[in-house]
Amino acid sequence: MPDTPIIETKDLTIRFGGHVAVDHVSLQIPLFTFKSIIGPNGAGKTTFFNMISGQYRPTKGQVFFKGQEITYLSPDIRTKLGIGRSFQLTNVFPSLTVLENVRLALQSQKKIGFNFWKHYLHFHELEDQAYRLLERVLLNTKWNTPASSLTHGEQRKLEIAILLALEPEVLLLDEPTAGMPLEEVPSILNLLKSIKEKRDKTILLVEHKMDVLMALSDTIAVLHEGKLIADDTPEAISKNQQVQEAYFGGGQSRG
């Protein structure tokens, strides 16, 4: 069905001991849209993400991908289905070059492993594809640079290139600007904008800085103390009194 959300959660809940980290969250992410999940520190954003990507199993509730339940599938299987996940901390091979990082992701996606009889340099098409992805994330001039020499912002770009190499239908991005110097943030936002404008990926982005997302998001879902308190357009979210109280009222969690 064309109007079936590509990702949907129903009553998604997880408890750690006596603490309810995510509390009956039902959310729909339509195909080829950019949805952000925001909330104060400790609101349950990353925990919710971890249940969508398969790192955590919910205590209760369901996760669906293209209408099929995936609640108990492993992260690897979800990746193969088309759900790509980034983390708050960069996840690259620091001793390899920028191009090699992306090429290895392409090899993985195309199921081309190490071949005793054929050196990887014979796969010229993979090198070309990797370079084109680096052009897309504006890292092509750094293609031969060790990943460890990149700035934090550049490493986040590289991680997005690696995700794109896996050809996911859904990009799950967990605070891509976390720990980044202020001057590097616009380059990441411009990259996300360029991905959004192609309208060939669904993007689900976790963030706690509301101002970062207002111009990018089609819709914004707001979590507070594990509960979904709002899910609307950026304009409506910015005027929502309950959201304002969650961010600027007293007593919110800082964990």
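The values are calculated or read from the model by the stated rules, or taken from the named source; none is laboratory data. These numbers come from a predicted model, not from an experiment. When we count neighbours, we look across all protein chains shown, and the Cβ atoms used for this are built from the backbone with ideal geometry, even at glycine. Accessible surface is based on the protein model in full, side chains and every heavy atom, while ligands, DNA and RNA are left aside. Shrake-Rupley method; radii C 1.70, N 1.55, O 1.52, S 1.80 Å.
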Revision key, fill the gap. For the chain, averaging the sequence separation of alpha carbon pairs under 8 Å that lie six or more residues apart and dividing by its residue count, the contact order in percent is 28
Revision key, fill the gap. The size of the Cβ-based charge dipole (Lys, Arg +1; Asp, Glu -1) of the chain about the Cα centre, to the nearest 20 debye, is 520
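Hey, could you get me the Stokes-Einstein D for segment 48-89, Kirkwood radius over alpha-carbon pairs, 10 °C and 1.306 mPa s, rounded to whole µm² s⁻¹? Could you put the intermediate results ahead of the total?
Details: Rh = 10.5 Å.
Taking Rh from Cα pairs, D becomes 151 µm²/s.
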Practice item. Find how much the distance from Glu245 to Gln55 grows on full extension, using 0.36 nm per residue of separation minus their present alpha carbon separation; answer in nm with one decimal. Key: 65.3 nm
Review point. How long is the gain from Thr145 to Asp11 if the chain were fully straight, where each residue apart is worth 0.36 nm and the alpha carbon distance is subtracted?
Key: 43.7 nm
Point to revise | In order through segment 126-136: 3J(HN,Hα) via Karplus (6.51 cos²θ - 1.76 cosθ + 1.60), integer Hz, x for Gly, Pro | key: 5, 4, 5, 5, 4, 5, 5, 5, 5, 4, 5
Exercise for review: Show the residues, 5+ positions off or on another chain, whose built amide H is closer than 5 Å to the amide H of Ile37.
Suggested key: Leu205, Val206, Glu207, Ala221
Review point. Which one of Leu204, Leu171, Leu182 has the biggest mean-square fluctuation once the chain is modelled by GNM with Cα springs under 10 Å?
Key: Leu182
Review point. How far apart, in nm, are the 7 Å Cα→Cβ label points at Glu197 and Thr97?
Key: 3.0
Check your understanding: Along the charge dipole of the chain, which of Phe32, Gly42, Gln55 sits closest to the positive end, that is, farthest toward it, with unit charges on the beta carbon of Lys, Arg, Asp and Glu (+1, +1, -1, -1)?
Key -> Gln55
Revision key, fill the gap. Percent of all Cα-Cα pairs per 10 Å bin for segment 1-93, counting from 0 up to the last occupied bin, reads 15, 49, 31, 5, 0
Practice item. Give the accessible surface of segment 185-254 per residue, rounded to a whole number of Å², with probe radius 1.4 Å and ligands, DNA and RNA excluded. Key: 49
Point to revise | Amide H contacts of Ile7 (H built 1.01 Å from N, under 5 Å, at least 5 apart or other chain) | key: Ile29, Lys66
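Quick one: Cα convex hull volume of segment 1-53, Å³ per residue?
Working: hull volume 4.3 nm³, N = 53.
Per residue, the Cα convex hull of segment 1-53 comes to 81 Å³.
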Check your understanding: Taking θ as phi - 60°, what are the ³J(HN,Hα) couplings along segment 225-237 by the Karplus curve (6.51, -1.76, 1.60), each to the nearest whole Hz, with x for Gly and Pro?
Key -> 6, x, 9, 7, 9, 6, 8, 7, 5, x, 5, 5, 5
Exercise for review: Could you sort out which of Lys35/Lys198; Lys111/Lys196; Lys35/Lys196; Lys35/Lys227; Lys157/Lys201 sit more than 22 Å apart by Cα distance in this structure?
Suggested key: Lys111/Lys196
Point to revise | Nitroxide proxy distance, nm - points 7 Å out along Cα→Cβ at Lys111 and Glu167 | key: 1.2
Revision key, fill the gap. Ranking Asn140, Leu191, Gln155 by how far each Cα lies towards the positive end of the charge dipole of segment 95-222 (+1 on Lys and Arg Cβ, -1 on Asp and Glu Cβ), the top one is Asn140
Practice item. Sequence neighbours fewer than 8 away in the same chain don't count; with that in mind, list the aspartates and glutamates whose C-alpha is under 16 Å from Lys60. Key: Glu8, Asp11, Asp23, Glu69
Revision key, fill the gap. Surrounding charge for Phe34, neighbours by C-beta under 13 angstrom, Lys/Arg +1, Asp/Glu -1, total +2
**Study point:** From phi via Karplus (6.51, -1.76, 1.60), per-residue ³J(HN,Hα) for segment 153-160 in Hz, x at Gly/Pro
**Key:** x, 5, 5, 5, 4, 4, 4, 5
Study note, to complete from the structure: Carbon plus sulfur, as percent of the 1.4 Å-probe accessible area of the chain, comes to 54
Practice item. Over all alpha-carbon pairs of segment 141-232, lay out the pair-distance distribution in 5 Å bins, whole %, shortest bin first. Key: 3, 11, 23, 24, 18, 13, 6, 2, 1, 0
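Over the chain, what per residue volume does the convex hull of the Cα atoms give, in whole Å³? Write down the numbers at each step before the final one.
Numbers: hull volume 36.4 nm³, N = 255.
Cα-based convex hull of the chain, divided per residue, equals 143 Å³.
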